[in-house]
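Chemist: Before anything else, here's the structure in question.
The values are calculated or read from the model by the stated rules, or taken from the named source; none is laboratory data. As the structure is a computational prediction, the values presented were derived from the model and not from experiment. These area figures cover heavy atoms from the full protein model, side chains too; ligands, DNA and RNA do not enter into them. Shrake-Rupley method; radii C 1.70, N 1.55, O 1.52, S 1.80 Å.
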Amino acid sequence: METFHEVIPFAKEMINQKPTRGMLKVYLVGSAVAVLGTVLGLVQIVCQPFYSVDEAALDAELAKILEREQRADERRTERNMVPQVEERTNHAKPRSEERAGVTQRSAATRLHAS
């Protein structure tokens, strides 16, 4: 009720300032959206007791989602483990040779200009 009492002085102040048509349209659209949101919220509150949720189906869906996430985590850890295994088996090659191969590239093999 407090906000309703604030609307009347606001409307009087707007009329005294003589707003343009564009400003009136903005206020009317905003007011219509606010009223529509309030009405939809009230309808949702009124209809909430009649809306039944099947908790067993909800639990089953939640279990499926958790299982998918666990499988995805396992795949990620497997992907992360593969490069570590390759690094362990590739100790025969010194790191200086790896760096030398990267730094000695020819500029003619570049695919784009920088």
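Chemist: Within the range 11-22, work out how many residues are open to solvent by 90 Å² or more (accessible area, probe 1.4 Å) and either assigned to a helix (DSSP H, G or I) or not basic (Lys, Arg) (or both).
Modeler: 7
Chemist: I would also like to ask the following. Regarding Tyr27, is this residue on the phi < 0 side of the Ramachandran plot, of a type in the set (Ser, Thr, Tyr), modelled with pLDDT of 65 or more and open to solvent by 100 Å² or more (accessible area, probe 1.4 Å)?
Modeler: no
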